[in-house]
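Asker: Could you have a look at this structure, given as structure tokens, before my questions?
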Amino acid sequence: MAVGDVVAKTTHTVSRESLVRYAGASGDFNPIHYRDDVAAAAGLLGVLAHGMLTAGLALQPVIDWLGDGTRVLGYETRFTRPVVVDPELGADVDIIATVAEVDAGAATARIDLTVSCGGRAVLGKTRVVVNLVA
């Protein structure tokens, strides 16, 4: 593993059904996540995916690559732009995970994530510190 290596790359399609399921699991029933009229009244471009859903989707390819979620030592991100979910097409969230740093002595690596929707970043400074020892 070397700095610059892409360790995971994927696209998740978020549908309105995904939002309803996430709302039920998380308890976040803010209507901007499922009602067009409420989103419009709030001045939004449409129904938005939950921020924590987007953050979770971004982390998943790293967990899949590691094969063990307990090897994630730290995770941070900034929400830069909402994911607007079309009622028919949904929204494609693209994730690329790239090795940014390797600390051989500590057996850790920092993986930087590029997370975008429609070619525009939706998360910024997204970093995952992982244990390299299985």
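Asker: Arrange the following residues from fewest to most other Cβ atoms within 10 Å of their Cβ: 6, 47, 38.
Answerer: In order of increasing Cβ crowding within 10 Å: 6, 38, 47.
Asker: For residue 131 and residue 81, what is the calculated FRET efficiency with R₀ set at 30 Å and r taken between the beta-carbons, to the nearest 0.05?
Answerer: Here the calculated transfer efficiency is 0.45.
Asker: Please compute the net charge surrounding residue 130, taking Lys and Arg as +1 and Asp and Glu as -1 over other residues with Cβ under 15 Å from its Cβ.
Answerer: Result for the local shell: -4.
Asker: Then there's this: Calculate the FRET efficiency for residue 120 and residue 1 from the Cβ-Cβ distance with a Förster distance of 35 Å, rounded to the nearest 0.05.
Answerer: With R0 = 35 Å, the Cβ-Cβ based efficiency is 0.75.
Asker: Also: What are the principal axis extents of the Cα atoms in region 6-131, in Å, biggest first?
Answerer: Ordered largest first, region 6-131 gives principal extents of 54, 28, 21 Å.
Asker: Okay, next question. Among 15, 26, which comes first, second and so on when ranked by fewest other beta-carbon atoms within 10 Å?
Answerer: 26, 15
Asker: Could I ask something else about it? Working from Cα positions, state the angle (0 to 90°, nearest 10) between the long axis of helix 16-26 and the longest principal axis of the chain.
Answerer: Between the helix axis and the principal axis of the chain, the angle is about 70 degrees.
Asker: Tally Lys and Arg at +1 and Asp and Glu at -1 over the other residues with C-beta under 10 Å from the C-beta of residue 87: what net charge comes out?
Answerer: -2
Asker: Another question, then. Which whole-number percentage describes the relative contact order of the chain, with Cα contacts under 8 Å and a sequence gap of 6 or more?
Answerer: The value is 31 percent.
Asker: Follow-up question, since we're still on this one. With each run of n ≥ 4 DSSP H residues scored as -39500 (n - 2.57), what mean residue ellipticity at 222 nm is computed for the chain after dividing by its residue count and rounding to the nearest 500 deg cm²/dmol?
Answerer: Only helices count here, giving -7500 deg cm²/dmol.
Asker: State, to one decimal in nm, how far the label point of residue 40 lies from the label point of residue 89, with both points 7 Å from Cα in the Cβ direction.
Answerer: 1.9 nm
Read-outs: derived from the displayed coordinates by stated rules, not from any lab. This structure is a prediction, so every number in the text was calculated from the model and none was measured. So basically every Cβ, Gly included, is an ideal-geometry build from the backbone, and we count neighbours across all protein chains shown.
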